[in-house]
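Written below as structure tokens is the structure these notes are about.
The values are calculated or read from the model by the stated rules, or taken from the named source; none is laboratory data. Owing to the predicted nature of the structure, the values given are computational and were not obtained by experimental measurement. With ideal geometry, Cβ positions are generated from the backbone for all residues, glycine too; neighbour counts draw on all protein chains shown. These area figures cover heavy atoms from the full protein model, side chains too; ligands, DNA and RNA do not enter into them. Shrake-Rupley method; radii C 1.70, N 1.55, O 1.52, S 1.80 Å.
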Amino acid sequence: MANSWNVDLVHQVGVALGKEAKSLNVNVLLAPGTNIKRNPKCGRNFEYFSEDPYLAGKMAGAYVSGVQSTGIACCLKHFACNNKENMRMVSDSIMDERALREIYLTAFEIAITEAHPKTIMSSYNKLNGTYANENMHLLREILRGEWGFPGVIITDWGGDNDRVDGLVAGNELEMPTTAGETNQDIVDAVNSGRIDESVLDEAVDRLLTLVDDVRDVDVQPFDHEAHNELAQRVSEDSAVLLRNDGTLPLADKTVAIIGDFARTSRYQGAGSSNVNPTKLESALDVAAEYFNVVGFEPGFKRFGKKSNGLANKAIKLAQKADVVLYYMGLDETSEAEGTDRTHTRIPQNQIDLLAKLSALGKPIVVVLAAGSAVEMGWAEQYNVNAVLHGYLCGQAGARALMRILTGAVNPSGKLSESYPYAYEDNASAKYFDIPGKVVEYRESVFVGYRYYKTAGIKVQYPFGFGLSYT
């Protein structure tokens, strides 16, 4: 959605999400994820908006205001500096105060001061030596003191270290539960004089305020078709045309559809963000409405294994068509909560097939699916005629992308993150994979385009890039 740069549209999505939460009797929506895309390997980048704090903050604020307009509470997350998934529950993000303020807290500050989320989720990691949910500087001094946040702070699931220290820092609610074990820790701390009872009173008051705010939400059905239409508009507004020599928009051409992602849409990431769509169409489901399709072949195995048989069938099919529509991208295991990517490349079996398709001399249009930046040297190496990047385009994305391919919709998405030629060009590449619990933010404020522009490093597709047909 950040590729749309459209806060009004994101607000509409928030309203729709609020209505869907109400239909399920859900009172607090654990979203949006607002962490910065510091490094393209972060396995949860697909849940975050941007490498840029201002864009991320404006998107998050629009999302929160939309959801909360329905009476549902939002939970802004993960506060803060959770930019790596490996060892996230014990890692220690070490950074200077300027980077903390200018890059990693700015998006949260914008969303909090402009949209007033009722809850915030503390992150698993430590920040400069102290767990986020116990961090007095982060929670008491900045969040409560400077920004005046009056709402509830909850832990990430299982993200509590010392319940009493968390409470003192202002972390009211531990999730999901400890069957009363840490409740006793609080009672003991009050009785022993470790904390004053007023600390507990303050936390209870905030929790009761939240309960009172959301307790009377009516369970109501929502309009499934209207929400699916909104999902389609979002995908149409957010898809990015990265490359085009005039092949797009397509008209009066026979088309061969190749690639497993055309059959099984890559529409969401993996982990706690997984949702059950109310309706889901693949490219194969809708292609005949838009093109003269000569056939479909998966061409490759989805999770990277080589298959000459699948590739050969795809080549034979491609020879029958005027244009090849090649659906490629990252599989579900490549982008997931709890683990980081091992590299930023597209699986080699997909690139090998692209090389064979290119040798046929037919126009190739790549429809790309990935939730975060990937290396795309193959687009130039094999002279791909057009690349339409749908990111993870949601339940109605297949039809939305078809409408862009045919010109019914003029592509208008602009990248919310930079696409370097190689992973090693990223400023944090040297520090991201260092073994151990310490995560050093040595690049400081030089994240994304701030680094590439300052250091004079050329990227394949810069932040804000996106073509159209006009």
Where a residue in segment 353-364 is surrounded by fewer than 19 Cβ atoms within 10 Å (Cβ to Cβ) and its partner, wherever it lies, is of a type in the set (Phe, Trp, Tyr) and part of a loop (DSSP other than H, G, I, E, B), with Cβ under 8 Å and at least six apart: Ala355/Tyr382; Ser358/Tyr382
Single unsatisfied condition, Pro150 versus (1) under 30 Å from Tyr54 (Cα atoms); (2) open to solvent by 20 Å² or more (accessible area, probe 1.4 Å); (3) out of contact with any Lys or Arg (no Cβ under 9 Å at 6 or more places or on another chain); (4) of a type outside the set (S, T, N, Q): (3)
Long-range neighbours under 7 Å by Cβ, at least six apart or interchain, first residue touching a residue at least 12 places away in the same chain (Cβ under 8 Å) and outside any helix (DSSP H, G or I) within segment 133-148, second surrounded by fewer than 24 Cβ atoms within 10 Å (Cβ to Cβ) and not hydrophobic (A, V, I, L, M, F, W, C): Trp147/Glu109; Trp147/Thr113
Within segment 1-55, considering residues that are assigned to a loop (DSSP other than H, G, I, E, B) and acidic (Asp, Glu), the one surrounded by the most Cβ atoms within 10 Å (Cβ to Cβ): Glu51
First in segment 287-309 and more than 29 Å from Ala408 (Cβ to Cβ), second anywhere and part of a strand (DSSP E or B) and of a type in the set (Phe, Trp, Tyr), Cβ under 6 Å, 6 or more apart: none
Only one of Val445, Val459, Val409 that is among the aliphatic types (A, V, I, L, M) and closer than 21 Å to Lys126 by Cα: Val445
Index of the failed condition, Glu335 passing every other in (1) closer than 29 Å to Gly57 by Cβ; (2) acidic (Asp, Glu); (3) open to solvent by 10 Å² or more (accessible area, probe 1.4 Å): (3)
Residue in segment 77-85 that is open to solvent by less than 20 Å² (accessible area, probe 1.4 Å), of a type in the set (Asp, Glu) and not in a strand (DSSP E or B) present: yes
Matching entry among Arg442, Arg345, Arg403 (being open to solvent by 40 Å² or more (accessible area, probe 1.4 Å), closer than 20 Å to Val459 by Cα and modelled with pLDDT of 95 or more): Arg345
Breaking point among (1) touching a His at 6+ places or on another chain (Cβ under 9 Å); (2) open to solvent by less than 10 Å² (accessible area, probe 1.4 Å), for Ala369: (2)
Whichever residue in segment 219-249 is farther than 25 Å from Ala2 by Cβ and touching a strand residue (DSSP E or B) at 6+ places or on another chain (Cβ under 8 Å) and, among such residues, is most open to solvent (accessible area, probe 1.4 Å): Asp245
Extreme residue, nearest to the chain's Cα centre (by Cα), among residues of segment 111-132 that are outside any strand (DSSP E or B) and under 20 Å from Tyr441 (Cβ atoms): Ser123
Hey, Thr254 over 30 Å from Arg44 (Cβ atoms), open to solvent by less than 60 Å² (accessible area, probe 1.4 Å) and either modelled with pLDDT of 95 or more or of a type outside the set (Phe, Trp, Tyr) (or both) or not: yes
Number of the condition not met by Asn385 [criteria: (1) surrounded by fewer than 23 Cβ atoms within 10 Å (Cβ to Cβ); (2) closer than 30 Å to Met87 by Cβ; (3) touching a strand residue (DSSP E or B) at 6+ places or on another chain (Cβ under 9 Å); (4) touching a residue at least 12 places away in the same chain (Cβ under 8 Å)]: (2)
Filtered residues of segment 230-249 (kept if basic (Lys, Arg) and either assigned to a strand (DSSP E or B) or under 16 Å from the mean Cα position of the chain (by Cα) (or both)): Arg243
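Could you run through segment 424-467 and say how many residues are in a loop (DSSP other than H, G, I, E, B) and not polar (S, T, N, Q)?
Residues that pass the stated criteria total 21.
Among Tyr423, Tyr469, Tyr451, Tyr461, which is over 27 Å from Val275 (Cβ atoms), over 21 Å from the mean Cα position of the chain (by Cα) and either open to solvent by less than 30 Å² (accessible area, probe 1.4 Å) or free of Cβ contacts under 8 Å to residues at least 60 places away in the same chain (or both)? Steps first, please.
Details: Tyr423 fails: over 21 Å from the mean Cα position of the chain (by Cα); Tyr469 fails: either open to solvent by less than 30 Å² (accessible area, probe 1.4 Å) or free of Cβ contacts under 8 Å to residues at least 60 places away in the same chain (or both); Tyr461 fails: over 21 Å from the mean Cα position of the chain (by Cα).
Tyr451 is the lone residue from the list that is over 27 Å from Val275 (Cβ atoms), over 21 Å from the mean Cα position of the chain (by Cα) and either open to solvent by less than 30 Å² (accessible area, probe 1.4 Å) or free of Cβ contacts under 8 Å to residues at least 60 places away in the same chain (or both).
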Selection status of Pro411, in a loop (DSSP other than H, G, I, E, B) and modelled with pLDDT under 95: no
Filter result for the condition that a residue is surrounded by 12 or more Cβ atoms within 10 Å (Cβ to Cβ) and of a type outside the set (Phe, Trp, Tyr), over Gly180, Gly193, Gly170: Gly170
Spans of strands (runs of 3 or more DSSP E) in segment 266-377 with at least 1 residues hydroxyl-bearing (Ser, Thr, Tyr) and under 30 Å from the mean Cα position of the chain (by Cα): 323-329
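Please specify each residue of segment 86-110 satisfying the condition of being of a type in the set (A, V, I, L, M, F, W, C) and either open to solvent by 10 Å² or more (accessible area, probe 1.4 Å) or assigned to a strand (DSSP E or B) (or both). So that I can check it myself, show each step before the final result.
In the first step, residues of segment 86-110 are kept if they are of a type in the set (A, V, I, L, M, F, W, C); the result is 87, 89-90, 94-95, 99-100, 103, 105, 107-108, 110.
Correct list: Met87, Met89, Val90, Ile94, Met95, Ile110.
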